[in-house]
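A.B. asks: Structure incoming, see below.
The values are calculated or read from the model by the stated rules, or taken from the named source; none is laboratory data. Just so it is clear, the model here is predicted, and its values are computed rather than measured. With ideal geometry, Cβ positions are generated from the backbone for all residues, glycine too; neighbour counts draw on all protein chains shown. Areas reflect the complete protein model, heavy atoms only, side chains present, ligands, DNA and RNA absent. Shrake-Rupley method; radii C 1.70, N 1.55, O 1.52, S 1.80 Å.
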Amino acid sequence: MHDQVKPDMMKAFEKVYDSHWYIMGNSLTTFEKNYAAYSKTKYAAGVANGLDAIIISLKALGVGPGDEVIVPSNTYIATWLAASYVGATPVPVEPNSKTYNINPDLIEKAITKKTKAIIPVHLYGQVCEMDKIMAIAKKHNLYVIEDNAQAQGTFCNGKISGSFGDINATSFYPGKNLGAIGDAGAITTDNETLYKKACVIRNYGSQKKYYNEVKGINSRLDELQAALLDVKLPVMDSWNKERNDIAEKFSSQLKGVGDLILPFLAEGCTSNFHLYVIRTKKRNELQDHLTKNGVGTLIHYPVPPHLQEAYKEMNLKKGDFPLAEEIAETCLSLPMYPGLKDEEINYIVQTIKSFY
Ligand SMILES: *Cc1c(COP(=O)(O)O)cnc(C)c1O
């Protein structure tokens, strides 16, 4: 991926370097305009990382102490942490057992008088069933913040991820489908008031230099990262397409092998295959076998948030969210990146078959 864009990346680097302007300048403004256009939202605001993007979104909405925020039980911990950081309580909801995304049918049961917002996470790159989630939010007067860190460029019934919620968060961590050369993130929204609030919060609570309206934070997207992201943005769709082609090859060749459960897309939902996640009861043994044969794999994620040391104060125990726990115990992410060659795909498939 990086070889393909390297000349343009170096040019962008040099341009910013020579501009002598490194924070809050033209590169950021340009990238924000382009990312908003890509996301089919009126506004995009660059921030320092994906976690901050969720935190700032919650702050802009006024979610805080005493409020409850519905989050998936099956997610990366960032989603929960954002709710915790603004003083709200994360309320986990179990996933659909096939898509691994939050199960819309279970959301209503988790709603209380204190619920303020839902944060659906488009896990592994597949967009959640957003039409159902938006309908529930509307019925109960709740805010929706998409955690779009893993799913840039995916669609639910023709509408792009990051354009459904009141305000949405994404991450440009280097390993995401649109990755910076360091930490970066963004917020997308159609709501001008929320956009303006987010811009103020990310910059010390200030619109006019040295005049602070609110207690903000320092979470700006720097000029270099913005300029580099702008080089990659127009190429991302072709990379996502390549990931889909690779996923199709894996799925057709691994169908019916052993006890493998392969990725499943919900009706009307697409994926950018940020990850290609298979499941098996023999996960650890299969991972060992692949490692021994030179195939690197990862587990996303080995411990669900409710069982993390960080959340021990919630007194949640094993068995409380059995589906999230089962996914954690059985999931395995195969190699997945644009540039993965057919012979490598075949080798990975053969190695898995030889295990069974
Ligand atoms: C990566 C990720 C984040 C956080 O992004 P950072 O840029 O690393 O802070 C949040 N949510 C999900 C689902 C992620 O995968």
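A.B. asks: With the condition kept exactly as written, say whether any residue in segment 139-156 is part of a loop (DSSP other than H, G, I, E, B), open to solvent by less than 10 Å² (accessible area, probe 1.4 Å) and farther than 27 Å from Tyr311 by Cβ.
C.D. replies: Looking for residues that are part of a loop (DSSP other than H, G, I, E, B), open to solvent by less than 10 Å² (accessible area, probe 1.4 Å) and farther than 27 Å from Tyr311 by Cβ, one finds at least one in segment 139-156, hence yes.
A.B. asks: Residue by residue through segment 49-71, note down the ones that are within 16 Å of the ligand (Cβ to nearest atom), more than 15 Å from the chain's Cα centre (by Cα) and open to solvent by less than 40 Å² (accessible area, probe 1.4 Å).
C.D. replies: Ile56, Leu58, Val69, Ile70
A.B. asks: Do you know which residues across segment 274-291 are touching a residue at least 60 places away in the same chain (Cβ under 8 Å) and surrounded by fewer than 16 Cβ atoms within 10 Å (Cβ to Cβ)?
C.D. replies: Within segment 274-291, just Glu285 meets the criteria.
A.B. asks: Of these, Lys318, Lys255, which one is surrounded by fewer than 16 Cβ atoms within 10 Å (Cβ to Cβ) and either under 21 Å from Val91 (Cα atoms) or touching a residue at least 12 places away in the same chain (Cβ under 8 Å) (or both)?
C.D. replies: When all the criteria are applied, what remains is Lys318.
A.B. asks: Does segment 112-157 hold any residues that are among the polar types (S, T, N, Q) and away from the ligand (no atom under 15 Å from the Cβ), and which are they?
C.D. replies: Thr112, Thr115, Asn141, Asn157
A.B. asks: Another question, if that's okay. Of the residues Leu340, Leu323, which is part of a helix (DSSP H, G or I) and either of a type outside the set (Asp, Glu) or farther than 23 Å from Leu81 by Cβ (or both)?
C.D. replies: Just a single option satisfies the conditions, and that option is Leu323.
A.B. asks: Taking Thr75, is it of a type in the set (Val, Ile, Thr), at pLDDT 95 or above, farther than 26 Å from Ala198 by Cβ and open to solvent by less than 30 Å² (accessible area, probe 1.4 Å)?
C.D. replies: no
A.B. asks: Further, regarding this structure: Report those strands (runs of 3 or more DSSP E) wholly inside segment 158-219 carrying at least 2 residues which are open to solvent by 70 Å² or more (accessible area, probe 1.4 Å) and either in contact with a strand residue (DSSP E or B) (Cβ under 8 Å, 6 or more places away or on another chain) or more than 11 Å from the ligand (Cβ to nearest atom) (or both).
C.D. replies: 206-208
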